[in-house]
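Computed from the coordinates by the stated procedures, all read-outs in this text should not be read as laboratory data. It should be emphasised that the depicted structure is a prediction, and the values quoted were computed from it without experimental measurement. Virtual Cβ from ideal backbone geometry, glycine too; neighbours counted across all protein chains shown.
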Amino acid sequence: MGNDNQVTLHVKSIGENVSLVRMMAGGFLYPYDLTLDVLDEIKIALSEAVSNCMIHGYENREDETVTVIMNVQNRHLTIEVQDTGIGIADIEQAMEPAFSTKEEHMGLGFVFMQTFMDNIEVFSEPGRGTTVVMKKQLPAMETQMSEVG
Ligand code: ADP
Ligand code: MG
């Protein structure tokens with residue numbers, strides 16, 4: 001079943017730490033008997049949020065800190081991803097599919113977060129940073145099996 005749990009991670013804003021955070025999430029979620037598909041979706045949403053902090057929030061500066069808080073209560077997962085970077089002036093526009101402030105980027109990060117999680121909220125203030133809060137009810141093992149088969 002897995003108990004309620006919470007962990008807070010502070011990672012340096014370097015690319016390698018995106019995969020580190022993914023692995024941490026895998027370990028954190030291990031007790032909840034998720035299928036690999038569900039686990040992968042959560043990891044994709046989390047990676048997108050963390051890399052946004054590094055690429056956009058900190059404009060690739062590597063001496064900054066990204067904070068990730070993962071919490072499970074009654075199989076309800078909340079993941080909070082925070083930076084203290086440049087912030088987002090127009091959150092609605094930033095969340096539009098295919099919108100990006102960087103030319104070579106696809107602008108689909110928020111789309112993935114919204115697709116793979118039940119609910120996402122973005123709090124941001126220019127010059128102060130951004131917090132993304134993502135929520136997902138973790139499906140019971142039996143439900144996941146019947147969805148597959
Ligand atoms: P992409 O990363 O491909 O640009 P996203 O959907 O992930 O697409 O993000 C859309 C836009 O939202 C980014 O181009 C950026 O302008 C803004 N953004 C997202 N996250 C952050 C953040 N943590 N700090 C500042 N801006 C952000
Ligand atoms: Mg992105």
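Summarising the label geometry, the points placed 7 Å from Cα in the beta-carbon direction at H10 and E96 lie 3.8 nm from one another. Rounded, prolate or oblate: which one fits region 91-149, using the alpha carbon gyration tensor with axes a ≥ b ≥ c (rounded when a/c is under 1.5, else prolate when a/b beats b/c, else oblate)? It comes out oblate by the Cα gyration axes.
Give me the lysines in straight-line cross-link reach of K135: C-alpha distance below 17 Å, same-chain residues under 8 apart excluded. Of all the lysines, those that pass the test against K135 - Cα under 17 Å, at least 8 places apart if same chain - are K43. Over every Cα atom in region 1-49, the radius of gyration and the widest Cα-Cα span, Dmax, amount to 11.3, 34 Å. Each residue of region 84-98 was assigned a 3J(HN,Hα) from its phi angle through the Karplus expression (A = 6.51, B = -1.76, C = 1.60, θ = phi - 60°), giving 10, x, 6, x, 10, 6, 10, 5, 4, 5, 4, 8, 5, x, 6 Hz with x at Gly and Pro. For a straight C-alpha distance cut-off of 14 angstrom, the aspartates and glutamates reachable from K102 (same-chain residues fewer than eight places away being disregarded) are E59. Evaluate E = 1/(1 + (r/R0)^6) for E59 and E103, where r is the Cβ-Cβ distance and R0 equals 22 Å; express this FRET efficiency to the nearest 0.05. It comes out at approximately 0.95.
Over the chain, the reciprocal of the mean inverse Cα-Cα separation, the Kirkwood hydrodynamic radius, stands at 15.7 Å.
Applied to region 127-139, the Karplus parametrisation 6.51 cos²θ - 1.76 cosθ + 1.60 on θ = phi - 60° returns per-residue 3J(HN,Hα) values of x, 10, x, 9, 10, 10, 10, 10, 10, 7, 6, 6, x Hz, with x for Gly and Pro.
Scalar couplings 3J(HN,Hα) for region 33-47, obtained by applying the Karplus form with A = 6.51, B = -1.76, C = 1.60 to θ = phi - 60°, are 6, 8, 6, 4, 4, 5, 4, 4, 5, 5, 5, 5, 4, 5, 4 Hz; x denotes Gly and Pro.
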